[in-house]
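Take a look at the structure below.
The values are calculated or read from the model by the stated rules, or taken from the named source; none is laboratory data. Because the structure is a prediction, the values reported are computed rather than measured. Here the Cβ positions follow ideal geometry from the backbone for every residue, glycine too, while neighbour counts run over all protein chains shown. Side chains included, ligands, DNA and RNA excluded: accessible areas come from the protein's heavy atoms. Shrake-Rupley method; radii C 1.70, N 1.55, O 1.52, S 1.80 Å.
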Amino acid sequence: MKLSVSLGLWQDRPPEEALEAARAAEATGYPELWIGEMATWDAFALGTAIGAATSRISLTFGPLAVTVRDPATIAMGVASVAALTGRATGVALGTSSEVVVCGWHGRSRSRAATALAESAQAVRQLLAGEKSGVDGQVVGSRGYRLRLPAPKSPLTIAAFGPRALAVAARFADRMVVNLVSPAAAATLVRGLREAASGAGTTPPPVAAWVVAAADPGPAELEQLRRGVVGYLAAPGYADMFRAAGFGELVDFARTRPHPRSLLAAVPPEAVAAVGLVGSPAEIAAKIGEYAAAGVDELVIVPASGDEDPGGEKTLVACRSAAGSFDA
């Protein structure tokens, strides 16, 4: 099982803690750091700062919302960080959510799967150093070539539904899924393989973002519990949590209670269903479940707190547990 790290960008922690988490990821031997883009940092600005604060860890940006950032700006951003830091870089593309795309950025998510496919084609061209030539129905790029050295970055596609799975089967070097149980991951892996068979392609490896906390305290558990609140009533995710035994919680979430009331109702077991939470033995067992589901890589999103601001305790425990599982 390959392991990498994603910044949690926890809203209950100081934004500057992202640098501490990046240093912890490198210090504990992880080869790759994912830098997402939510409500705080611009991903490329943060990536440049992380490049200055670390020495060797590779940087993957995203998943970036394809109806917020166009292919040329994505490619320029990745190439800029690669040139300024000298690091190997990657990029992940996704469709994001209604809240982020429509609410925060005032853009449309209409025909999001089409936008994902068109952006993937154009970004691949640009990162390879080619002149862009995608005249898309939703997004595209024509006639642009990077002025900076082409970083030759691998492309990851975030997928959850069947149309995104089809895009990943056609264009991705890797597919990533987020906050899924091993059972849900197995379903998505099967869907990817079926889509690749239909497209006549080889299915790419699958990575799964998983929240993690080794022997968590109350504050760490609350942080992770808060992180699942927004998913409980979301299409697809609600079915996953229901299948995992949390049907009453899903029903409650769909009544649109106050977020504080919903958070109070989320048990620690709901987080453990979609992450690596507990003792080293429990973490190792869960890694085995994801491996059996067909997941090739786990992207650790470590909890953080005042006593462990970079999540180093959890990162060390996950690496050790993965080693125990491999043995």
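Of the residues that make up the stretch 14-35, is at least one open to solvent by 50 Å² or more (accessible area, probe 1.4 Å) and under 25 Å from Gly288 (Cβ atoms)? Checked the stretch 14-35: at least one residue is open to solvent by 50 Å² or more (accessible area, probe 1.4 Å) and under 25 Å from Gly288 (Cβ atoms).
How many residues does the stretch 132-163 hold that are under 30 Å from Leu224 (Cβ atoms) and open to solvent by less than 20 Å² (accessible area, probe 1.4 Å)? Residues flagged as under 30 Å from Leu224 (Cβ atoms) and open to solvent by less than 20 Å² (accessible area, probe 1.4 Å) within the stretch 132-163 amount to 4. Can you tell me which residue is farthest from Arg190 (Cα to Cα) among those in the stretch 302-327 that are of a type in the set (Gly, Ala, Ser) and open to solvent by 60 Å² or more (accessible area, probe 1.4 Å)? My answer is Ser320. For the stretch 177-185, the criterion of being open to solvent by 10 Å² or more (accessible area, probe 1.4 Å), among the hydrophobic types (A, V, I, L, M, F, W, C) and out of contact with any strand residue (DSSP E or B) (no Cβ under 9 Å at 6 or more places or on another chain) is met by at least one residue. Considering the stretch 247-263, and only residues there that are farther than 16 Å from Arg226 by Cβ and in a loop (DSSP other than H, G, I, E, B), the residue that is most open to solvent (accessible area, probe 1.4 Å) turns out to be Arg256.
Residues that are without any contact (Cβ under 8 Å) to a residue 12 or more places away in the chain, open to solvent by 70 Å² or more (accessible area, probe 1.4 Å) and either closer than 25 Å to Glu20 by Cβ or in contact with a helix residue (DSSP H, G or I) (Cβ under 9 Å, 6 or more places away or on another chain) (or both) occur in the stretch 231-239; there is at least one. The condition of being among the basic types (Lys, Arg), closer than 28 Å to Asp306 by Cβ and not in a loop (DSSP other than H, G, I, E, B) holds for Arg23.
Ala244 falls short on exactly one of the conditions (1) in contact with a Ser or Thr (Cβ under 6 Å, 6 or more places away or on another chain); (2) open to solvent by less than 40 Å² (accessible area, probe 1.4 Å), and that condition is (2).
Within the stretch 264-301, take every residue that is among the acidic types (Asp, Glu) and either closer than 21 Å to Leu188 by Cβ or not in a helix (DSSP H, G or I) (or both) and give me the one that is nearest to the chain's Cα centre (by Cα). So, considering only residues that are among the acidic types (Asp, Glu) and either closer than 21 Å to Leu188 by Cβ or not in a helix (DSSP H, G or I) (or both), the one nearest to the chain's Cα centre (by Cα) is Glu297. Among the residues of the stretch 98-127, write down those that are of a type in the set (Gly, Ala, Ser) and buried (at least 17 other Cβ atoms within 10 Å of the Cβ). If the condition is that a residue be of a type in the set (Gly, Ala, Ser) and buried (at least 17 other Cβ atoms within 10 Å of the Cβ), then Ala112, Ala113, Ala115, Ala117, Ser119, Ala120, Ala122 are the ones that fit.
Of the set (1) hydroxyl-bearing (Ser, Thr, Tyr); (2) under 16 Å from Glu17 (Cβ atoms); (3) in contact with an Asp or Glu (Cβ under 6 Å, 6 or more places away or on another chain), all apply to Thr40 but (3).
For the stretch 52-75, the tally of residues that are over 21 Å from the mean Cα position of the chain (by Cα) and under 17 Å from Ser132 (Cβ atoms) stands at 1.
Of all the listed residues (Glu26, Glu37, Glu32), the sole one being among the charged types (D, E, K, R), touching a strand residue (DSSP E or B) at 6+ places or on another chain (Cβ under 8 Å) and at pLDDT below 95 is Glu37.
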